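Okay, so here's the structure we're looking at.
The values are calculated or read from the model by the stated rules, or taken from the named source; none is laboratory data. These numbers come from a predicted model, not from an experiment. Cβ placement follows ideal geometry from the backbone for every residue including glycine, while neighbour counts extend to all protein chains displayed.
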Amino acid sequence: MKKKIMSTILVASTLVTVLTGCGGQTADGGKVSVSDGGKVLNIACWNEEFKSRVEDHYPGYQIVDATTGTIGDVTVKWNITPNENNAYQNKLDENLLNQASAAADDKIDIFLIEADYALKYVDTEYAVPVSALGITDADLANQYQYTKDVVTDSDGNIKGVSWQGCPGVLIYRRDIAKEVLGSDDPGTVQGYLSDWDKFSETAAKMQAAGYYMMSSANDSYRVYSNNVTSQWVVDGKINIDDNLMAWVEDSKAMVDAGQTNTYDLWSNDWSAGFFEDGKVFCYFGPAWFIDFSMSAGTEGAVATNGGWGAAEGPQGFFWGGTWICAANGTDNSSLVKDIILQMTTNKEIMTDIVVADNDFVNNKPSMEALASGEQKIKDESGKEVEYFSKVLGGQNPLPMFCAGAEKVDLSNQGAYDQGCNEEFQKAMKNYFDGNATLEAALELFYKAVEEKYPGLTH
Amino acid sequence: MANNSGQHLKKGMNIHVRRALAYVILAIISFLCLCWFYILVINATRSHADLQRGFTPIPSNFLAKNMNGVLHGTLPVFYGLMNSLIVSSLSAVLCTYFSSMTAYAIHAYDFRLKKFMFTFILMIMMIPTQVTALGFVQLVDKMGLMDTLIPLIVPAIAAPITFFYMKQYMESALPLAIVESARIDGAGEFKTFNTIVIPMMKPAIAVQAIFTFVSSWNNYFTPALILNSDKRKTLPILIAQLRSADFLKFDMGQVYVMVAFSILPVVVIYLLLSKFIVQGVAMGSVKG
Amino acid sequence: MSGKIKRGKVVSYNKWGYIFLIPFVLVYIVFQLIPLVTTIYNSFFENYRQGLMQVGPNFIGFDNYKTVLTNGDMWVYAQNTFIMWILGFVPQIIVSLLLGAWFSDTRMRLKGTRFFKTVIYLPNLIMASAFSMLFFTLFSDGGPINSILMQTGILDSPYSFLSHAGSARGLVAFMNFIMWFGNTTILLMAGMMGIDTALFEAAEVDGATSTQVFFRITLPLLKPILIYVMITSLIGGLQMFDVPQILTNGTGDPMRSSMTLIMYLNKHLFSKNYGLAGALSVFLFIITAALSMLVYRFSNRKEA
C-alpha cells in the first residue's frame, strides 16, 4: 500500500516539476516590440469608465455589444476584471507574463492603471514608452506635469497617458462655516485652513460647536501622503516618511479629542456627513467626488441644495485618475497611438468630456479657459455663462483645481505605494481606536507590508 | 389522590408554559432567519444615495429603476445567470451521481484496497480549497482550460464529503440483498447501479444536489481565479464587478438587486426540495 | 447464504469495486492531488512575485517551515480561529439541542414544525459576502442596532462593534451561528428520532420530568452524533474565511484579533508568495488530516 502511495506521489511530483519549470519570467533583457496589422485590439481594464469614454467620444467607434466594438476593420475587445481582491492586477499580470507566447488575437494591446500601482507596471518593459508609438513630448505639452510624473520610469520614459486630472480641494459645509467661522466665503474660510496648525485650531472650534472637523482620519490621509519627502521603500527597506508620522500624530490627536472618527471611506458612517443632518464640516476630494459621490440630487443631501463650498485647504493633493498604457507586444501600435492621442490630447474631445461627463480633463489650456471664464458653458436656459458648480453653491472651483494640479508633486511615488498606503491606514486605525500602542500598530504595519511584498524588510 | 391530581395539573400547566416558551423562541429564531431576506429586498428597492444614508425598514420606490439599471447596463446578466445555472446544476448532477458511485464501490464490493481507499478519502475530506488553489490554477492554465467552465464543473466528481454522506446513507438504506437479487435476475453491475441503486438513493441525492448546487452557486473564490471573459462569468463575479464599478456608475442599489436576483433561484429550488432536505439529512445521519 | 457461495459470487464482482472508483480517483488525482503536491513542492522554495518580477524559485529546504513556526503568527491565528469557532459553536449546539428536543417531543405537539424546519435552513442560502455586507451596515456606528441601543437608553454614544476585539469576534461567531445552526438542528433531530420511544415511555411511567428525560436519556444516547457534529463543525471552523474576511475587509482587525488561519494563508497567496503559502498549507493539511482521522476513528468505533 505504501509503495503505491509513494509511486503516485513520485509520478505527480515529476509532473509538477515540468509544470513549474516554465513559470513566469521577467522581461529583463526583453525588447520593446510594437507592430501593426493586428485584427483584434484587446483592452484590459477594471470598470467601464474608459469604455464609455471611448464609446462616446472616439471617432469611428462602433458598439457591437457590451464588451466588443469595432474601429474600422479592427475588433475592439474589452477585458474587464473587477478590482475587488486585486483580481484585476492578478489577471493583468498573468496576461502580461504570457504576452510573448499569446496568440496574436489574445495579446493585450492597451491596459489601464491607477496611480497607486502605476510604478509596478511603469518600471517594467510590459509597458511601452509612448515615444515608441511615435507620441512626442510636444503632443503631451498641454498635460499636467504630475500626470506625466506618475508614469515616468526610472530612465525618464513616459509609459502612459491620462485623460483626467484629479487635483483635490477641501469641501466644506457653508452653513457650518457661517455659524462657526462667521463667513462662508471661500477666501475667508481658506484663511482658517491654510496650514495644518490652523486646521487643527479650526477643528477645536468645530468640536466646541458640536461638529466633526472631518468624517474620518482617513479623509486627510491623501493630503499628507501626496506631500512626502521620501519614498515608501528605500533600498529594500520600508521607510515611513515624517509627513506620514505627522498624519498619525495629528489624526490621533483629533480622534482622541473627538474631532473626527476612524471610519472606512465609502462606509455608511463615513458618508453620513453628506446629508443635512450630518455633523461633518469638511471632506477632501477632487472634481469627480463633488457631484455624484456626494449624493447630489437626493433629498436631504447637502449637495442637492448647493450647501458646499470649496477651499484649497492646507496642502495640495490628488485622488484617482486612470492612465492608458500600451502593452509591449501590441500588434496594433498605430491604433493604440491614435486612441491615446484622441482621448487625451484632442482639445475638442477633451472639452466634450468636461461638458458631458463633468470630468476634470488633463488639458491645461482647456481647463484654464474654463477656470478663468474665458470659455463659457451653457446653463439650463441655454445662456452662455461662466462654469459654475451647483453643488458648491454656484462657486467656480476650477481655478482652485487648476492651481492644485500644478502643485501636485509626485517625485516620491514608488512601486509599493498601494500596499503601503492601504496597510498604513489599516494598521493606524488600531492606534487611533486605542486598540494598540503606536509601536504595536507600526509593528503590525511592517508585518502586513512584508506579507504583501515578501522581499521587503524594515 | 389529591396530591396526584395536583401533580397532573402542574404538569399540564408546565406543558403549556413550555409550549408557549417554545413558540416565542421559535418566533425569535424565525425572525433571525428571515429578516435578512427582508432587508435584502428593502435595500434592492432603494437608490444608491438613499442607501448611503443608512438603513431604514421602509421600502422605497427605486426597485424598477435599479432593475432597469442592471438589465440595461453592460453587465452580461443573462450570460451570468446561464453560466451559474450550467455550472451549478452540472456540478450537482456529476457530484451526486459519481459520489453515489464511489460510495457504492466501497459499500457493495470487497476488494483489497477498499479499507485503504475509505481511510484515504476520509483523510482528504476536509482539505480547504485554498490550500490547493495555487496548484489548481497553475494546472488549469497548463491544461489550457483557463476561462472555461470545465474546471468549475469536473472537479465536483471527486467530492469526499458528499461521498461520505452517501456511504452513511447506503448503510442505513441500501440492503445488499437487493443488489444480490438483481444479480440473480441477470442484471449487469452497471445496470444494477443505474436502475436500482440510484432510484433508492433519491432522497440522499436530492439533499446533496441542493447542497452542491448552493455552494457552487455562491462560489466566488474559484471562478474569480479561472474566468475572465464576459460570456463565461458567473453571478458572484458579476456582483463583484458591480461593486467595483467606476465612480459614475457605482450603485449599491444595483448591487442589492443583483444579490436579491441571484438568491432567488436558490431559494425557489430550496423551497421546492425542502421536504427532501429535512427528511434526507435525517436519513443520512441516523446511522452515522 | 453459505459463506462459500457468497464468496465465489463476490469475487467475480469485485473488480467492479475498482471500476466504480475510477472516476473519483482520476478526477481526484488530476484536480486535487496534483495541485496538493505542487503546493507541497512549492513549500521548499523561495518563490514569490515582487511587482512583476519573479523571485526564485530557489530551493531553500525547510526555511519556509522555520519562518512559519518561528514568527509565531500561525498560533495566534489558530487561537483566533478556535475562539471564534467556540463562540459560534456553543450557542449553536445549545439552540440546536433545544429545537431538536422540541421538534421530536411528541408531548409538545408543536404546530408548524415543517415551517420552522424549512426556515432555519434559509440563512445558509445567502452568499456569505452579501450577508457580511448586511451585517456591516446594520452594526455600523450610525446603523439601526446602535440607534436602537441608544433610543432604549442602553448606550449614550454609538458603540463601534468592529473596533473592539470582543464584539468583532462575537459578530463573526454570531453570523456563523445563524448560517449553520439549522444544519446542526436537523442532524441532531434525526439522531433524537432514532432513539427508541419505549425508553421515553418507560421514563414517563417512572415519573421522570422532561428535564430529567433530556439529560438522563436523550443526551447520552445522542453522544455519538454529538461528537460527529462537533468534529465536522470543528473542521468547518478551521476553514473559516469568508465571513471574517469580508466583515473586517481582510484586516482581521482590531489588531488582527479576528484573523483566521485561512485569512492568513490567503494573504500569502495574494502576494503570490508560493513558498510560504505552501509551507502554511502543509501545516493546515496536517491539522485537517489529523482531525479527519478523528472523524474516521470515531465512525469506525461506532460501526464496530
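Restricted to segment A:103-121, and to residues that are aliphatic (A, V, I, L, M) and at pLDDT 90 or above, which residue is surrounded by the most Cβ atoms within 10 Å (Cβ to Cβ)?
Only one residue fits best here, namely A:ILE113.
Which is touching a residue at least 24 places away in the same chain (Cβ under 8 Å), assigned to a loop (DSSP other than H, G, I, E, B), assigned by TED's automatic domain parsing to the domain that holds B:ALA224 and of a type outside the set (Asp, Glu), of B:MET146, B:MET101, B:MET166, B:MET170?
B:MET146
Of all the helices (runs of 4 or more DSSP H) wholly in segment C:156-252, which have at least 1 residues that are within 15 Å of the chain's Cα centre (by Cα) and closer than 30 Å to B:ALA240 by Cβ?
The qualifying helices (runs of 4 or more DSSP H) are C:165-193, C:219-238, C:242-247.
Could you say whether any residue in segment A:133-140 is out of contact with any Asp or Glu (no Cβ under 8 Å at 6 or more places or on another chain), of a type outside the set (Ser, Thr, Tyr), farther than 29 Å from A:ALA403 by Cβ and surrounded by fewer than 23 Cβ atoms within 10 Å (Cβ to Cβ)?
Yes.
Evaluate the following for A:ASP291: is it acidic (Asp, Glu) and over 22 Å from the mean Cα position of the chain (by Cα)?
So A:ASP291 fails the test.
Say we look at segment C:103-137 and pick out the residues that are over 21 Å from the mean Cα position of the chain (by Cα) and aromatic (Phe, Trp, Tyr); which of these is farthest from the other protein chains (Cβ to nearest Cβ)?
Filtering segment C:103-137 for residues that are over 21 Å from the mean Cα position of the chain (by Cα) and aromatic (Phe, Trp, Tyr), the one farthest from the other protein chains (Cβ to nearest Cβ) comes out as C:PHE103.
Let me confirm something: among A:ALA44, A:ALA87, which residue is more than 9 Å from every other protein chain (Cβ to nearest Cβ), closer than 30 Å to C:MET263 by Cβ and either at pLDDT 85 or above or surrounded by 19 or more Cβ atoms within 10 Å (Cβ to Cβ) (or both)?
A:ALA44
Are any residues in segment B:232-259 modelled with pLDDT of 85 or more and among the basic types (Lys, Arg), and if so, which ones?
Hits for segment B:232-259 are B:ARG232, B:LYS233.
Could you grab the pairs with beta carbons closer than 8 Å, sequence gap of 6+ or different chains, first residue in segment A:49-72 and touching a residue at least 60 places away in the same chain (Cβ under 8 Å) and more than 20 Å from A:TRP323 (Cβ to Cβ), second one among the hydroxyl-bearing types (Ser, Thr, Tyr) and part of a strand (DSSP E or B)?
Sorted first by the residue in segment A:49-72, then by its partner, the pairs are A:ILE71/A:TYR61.
Checking A:MET343 against (1) in contact (Cβ under 8 Å) with a residue 40 or more places away in the chain; (2) among the hydrophobic types (A, V, I, L, M, F, W, C); (3) touching a strand residue (DSSP E or B) at 6+ places or on another chain (Cβ under 6 Å), only one condition comes out false. Which one?
Answer for A:MET343: the failing condition is (3).
Kindly provide the set of residues from segment C:40-49 that are out of contact with any strand residue (DSSP E or B) (no Cβ under 6 Å at 6 or more places or on another chain) and part of a strand (DSSP E or B), ordered by number.
C:ARG49
Would you point out which residue out of C:VAL55, C:VAL37 is β-branched (Val, Ile, Thr) and not in a helix (DSSP H, G or I)?
The unique qualifying residue is C:VAL55.
Scan segment C:253-285 for residues that are under 16 Å from C:ALA168 (Cα atoms) and more than 10 Å from chain A (Cβ to nearest Cβ) and jot them down.
C:SER258, C:MET259, C:THR260, C:MET263
Return yes when C:LEU52 is facing another protein chain (nearest Cβ under 9 Å) and out of contact with any strand residue (DSSP E or B) (no Cβ under 9 Å at 6 or more places or on another chain) and no when it is not.
Taking the combined requirement at face value, the residue satisfies it.
Determine if segment C:156-175 includes at least one residue that is in contact (Cβ under 8 Å) with a residue 24 or more places away in the chain, more than 30 Å from A:GLY258 (Cβ to Cβ) and of a type outside the set (Val, Ile, Thr).
Yes, the conditions are met somewhere in segment C:156-175.
Starting from residues that are surrounded by fewer than 17 Cβ atoms within 10 Å (Cβ to Cβ) and in a helix (DSSP H, G or I), keep the ones in segment B:104-118 and report whichever is nearest to the other protein chains (Cβ to nearest Cβ).
Among them, the one singled out is B:PHE116.
Among the residues of segment A:396-436, count how many are polar (S, T, N, Q), in a loop (DSSP other than H, G, I, E, B) and within 10 Å of chain C (Cβ to nearest Cβ).
Total satisfying the criteria: 1.
Can you tell me how many residues in segment B:186-199 are in contact with a helix residue (DSSP H, G or I) (Cβ under 9 Å, 6 or more places away or on another chain) and surrounded by fewer than 16 Cβ atoms within 10 Å (Cβ to Cβ)?
Residues that pass the stated criteria total 3.
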